[in-house]
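Bear in mind these aren't lab numbers, they're just calculated from the coordinates by the rules spelled out. This structure is a prediction, so every number in the text was calculated from the model and none was measured. Backbone-built Cβ (ideal geometry, glycine too); neighbour counts: all protein chains shown.
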Amino acid sequence: MEYVYAALLLHAAGKEINEENLRKVLEAAGVTPDEARIKALVAALEGVNIDEVIQKAAMPVAAPVAVAA
Amino acid sequence: MEYVYAALLLHAAGKEINEENLRKVLEAAGVTPDEARIKALVAALEGVNIDEVIQKAAMPVAAPVAVAA
Amino acid sequence: MEYVYAALLLHAAGKEINEENLRKVLEAAGVTPDEARIKALVAALEGVNIDEVIQKAAMPVAAPVAVAA
Amino acid sequence: MEYVYAALLLHAAGKEINEENLRKVLEAAGVTPDEARIKALVAALEGVNIDEVIQKAAMPVAAPVAVAA
Amino acid sequence: MEYVYAALLLHAAGKEINEENLRKVLEAAGVTPDEARIKALVAALEGVNIDEVIQKAAMPVAAPVAVAA
Amino acid sequence: MEYVYAALLLHAAGKEINEENLRKVLEAAGVTPDEARIKALVAALEGVNIDEVIQKAAMPVAAPVAVAA
Amino acid sequence: MAHVAEWKRKEVEELTRVIKSYPVIALVDVAGVPAYPLSKMRDKFRGKAIIRVSRNTLIEIAIKRAAQELGKPELAKLADYIQGGAAILATDINPFKLYKLLEESKTPAPAKPGAVVTKDVVIPGGPTPIAPGPLVGEMQALGIPARIEKGKVTIQNDYTVLKAGGVITEQLARILNALGIEPLEVGLNLLAVYEDGIVYTPGVLAIDPSEYINMLQQAYVHAFNLSVNTAYPTKQTIEAIIQKAFLGAKNVAVEAGYVTKETVEDIFGRALRAVLLIAQNLPGELLDEKT
């Protein structure tokens with residue numbers, strides 16, 4: 001999932017998720033980037049609303065034990 | 001969450017989550033690393049079994065049911 | 001709700017919920033007790049296990065839902 | 001909870017929740033009032049909108065999730 | 001909730017939750033401690049296993065089902 | 001969590017969550033403050049609306065019983 | 001009352017004595033209650049209540065006399081509620097409890113033409129033991145969804161044939177009896193009760209216990225919320241208060257992405273869920289073996 005983490009890192013940093021940026025981040029993490037996968041990822045993420053996805057993932061998972069409320 | 005994505009990216013890439021590596025990844029993503037946050041993150045992760053945490057976090061999460069208000 | 005609060009106060013204090021006791025508590029709170037309401041409350045609560053009723057009010061209904069990820 | 005019930009009774013009766021009134025109600029319910037608890041309650045309720053607070057869910061709870069995949 | 005956060009801070013720091021310690025922490029936070037509330041909290045925490053209680057709260061298992069009031 | 005409790009104590013007390021204040025509260029609780037963690041926390045909380053986060057978490061549940069008044 | 005028969009005089013005296021010696025005086029209608037159920041009721045209330053059946057006129061006189069002798073003018077108003085075959089029920093039982101007891105001791109009885117039902121009469125859906133015959137046509141004429149199936153009369157679905165307060169016709173009585181449905185109730189009908197200066201009527205006395213249970217729960221929830229939201233600790237709420245503080249702190253730390261032992265799982269979980277959700281949008285060949 002390195003590629004997706006790299007994409008999310010760029011997104012969180014406010015940077016564009018493009019081939020160039022992904023390549024840099026992956027290399028910094030010691031990963032030799034696979035060009036085909038980078039291209040595919042950039043293409044696939046086009047049209048994905050990442051903020052929305054993150055929002056969905058952010059649901060706190062904490063539940064009370066004995067409540068009434 | 002940049003720091004967290006950076007840490008998880010390193011982990012997924014099989015690299016150690018240390019100050020040096022975090023710094024490199026963050027810089028590659030265009031983030032000016034905050035030394036305190038890097039140190040604090042590394043310190044907080046000391047003794048944490050990340051594979052285990054990820055395992056737990058990824059497991060079909062028992063999510064709370066929708067609650068009417 | 002004064003009458004019900006008074007009843008729960010007596011219950012919490014380990015006292016019997018009867019007309020006499022309700023009257024005393026309500027008067028101490030500056031309420032002129034309505035005899036019919038007191039009698040109705042006492043009759044309605046007869047045979048009711050208050051601890052159990054309260055327990056139910058406080059109990060969350062556990063309904064974990066597995067979320068596929 | 002005796003003290004809280006006593007406070008709610010006074011509130012429902014439109015009376016001020018002060019030490020004097022709490023003491024009277026508790027005594028009428030056969031409770032020997034604990035001065036520290038009475039003072040603590042009065043202090044805790046200072047500036048509190050009771051109508052609002054009694055309706056507000058007491059526990060932090062996970063937001064409803066409907067993550068399906 | 002100041003008093004409760006102060007108590008949890010002491011607990012997390014491995015310190016005893018007693019009147020003296022609560023007073024010091026609250027004062028450091030710029031709060032003028034109310035003696036009655038401190039006493040009430042210390043009394044209420046007697047015999048409570050805080051770690052266990054927190055453990056229970058942290059379990060992401062179930063959410064209470066709610067019904068509108 | 002000491003640092004987080006200290007931050008929330010300050011917040012509940014209406015005080016600013018800054019390095020200076022965190023240090024004072026932690027020391028009063030007998031914790032030797034770790035500068036990196038303090039700085040990291042202050043940085044991480046920047047832009048977080050604490051009241052909203054707490055509130056949000058507390059919102060979804062209403063009263064457990066439907067009530068006829 | 002110069003020419004009043006001796007037995008009547010004695011009867012009124014006795015009734016007056018009974019009325020004067022109990023705090024709660026109820027008027028009940030025993031019309032239509034057979035002797036046997038009435039004696040069962042007497043057994044049930046033995047030691048708790050006295051039931052005196054008498055003539056309505058004598059009961060009226062006794063109530064008024066007792067009211068005068070006790071100096072309780074409100075009691076005299078009880079006489080206004082005399083109707084049917086009235087009887088006096090004298091007891092210590094709180095009027096609301098008495099009403100509940102009387103209602104609970106009623107038993108179902110077969111339909112009688114001309115009788116008024118107190119509850120909706122519902123014919124349940126499903127097969128019946130009735131063989132096909134003219135009754136089917138009568139049922140259909142009343143709107144009952146009856147049909148012949150496998151040689152028996154079957155009701156297609158639950159059907160309310162008479163609303164509460166309605167009068168049973170001769171035809172309906174025949175149908176209900178054939179179906180074995182008992183829409184009437186036999187028991188002591190409470191007309192009114194006097195206690196302590198107040199005359200209570202059945203409309204006031206019919207309380208819904210579930211409403212009180214709800215109120216109790218609501219009151220408890222109010223107390224719980226007040227205690228937790230103001231952090232006023234009690235034995236019942238201290239755990240919830242700690243949990244609230246802990247969860248609040250944890251949620252803030254998670255939201256801020258501040259990693260601690262307590263938050264690492266949630267924070268990583270968020271990141272991971274985001275990754276997994278995004279992965280769903282990706283073509284299969286992009287995903288490595290870990291997915």
- region A:30-48 and region F:1-53 have their Cα centres apart by a whole-number Å value of 40
- Query: Taking θ as phi - 60°, what are the ³J(HN,Hα) couplings along region B:23-35 by the Karplus curve (6.51, -1.76, 1.60), each to the nearest whole Hz, with x for Gly and Pro?
  - Reply: 4, 4, 5, 5, 5, 4, 8, x, 9, 7, x, 8, 4
- Note on the structure: Relative contact order as a percentage, region G:113-261, C-alpha pairs under 8 Å and 6+ apart, gives 20
- Note on the structure: In whole angstrom, the spacing between the Cα centers of region G:57-87 and region G:185-242 equals 33
- Task: Give the whole-number value, in cubic angstrom per residue, of the convex hull volume spanned by the C-alpha atoms of region C:2-58.
- Result: 78
- Query: If you average the sequence gap of Cα pairs under 8 Å that are 6 or more apart and divide by the length of region B:2-58, what percent do you get for the contact order?
  - Reply: 30
- Message: List, shortest first and in nm to one decimal, how far the label point of B:GLY14 (7 Å from Cα along Cα→Cβ) is from its counterparts in the other copies.
- Response: 3.6, 3.8, 5.8, 6.8, 7.8
- Message: In Å, what Kirkwood hydrodynamic radius results for the protein assembly as shown from the alpha-carbon pair distances?
- Response: 31.0
- Note on the structure: Averaged over the residues of F:44-50, the number of partner chain Cβ atoms within 10 Å of each residue's own Cβ comes to 5
- Message: Rounded to the nearest angstrom and ordered from largest down, what semi-axes does the equivalent ellipsoid of chain G get from its C-alpha gyration tensor (root of 5λ)?
- Response: 62, 38, 13
- Can you give me the relative contact order of region G:201-284 as a percent, contacts being Cα pairs under 8 Å and 6 or more apart? 12
- How do G:GLU182, B:GLU46 rank when sorted from fewest to most other Cβ atoms within 10 Å of their own Cβ? B:GLU46, G:GLU182
- Message: As a test of the formula, what do you get for chain G when each DSSP H run with n ≥ 4 contributes -39,500 (n - 2.57) and the sum is divided by the residue count, at 222 nm and rounded to the nearest 500 deg cm²/dmol?
- Response: -14000 deg cm²/dmol
- Inter-copy distances for E:ASN49, label 7 Å out on the Cα-Cβ vector, sorted ascending, nm, one decimal, are 2.3, 2.6, 4.0, 4.1, 4.6
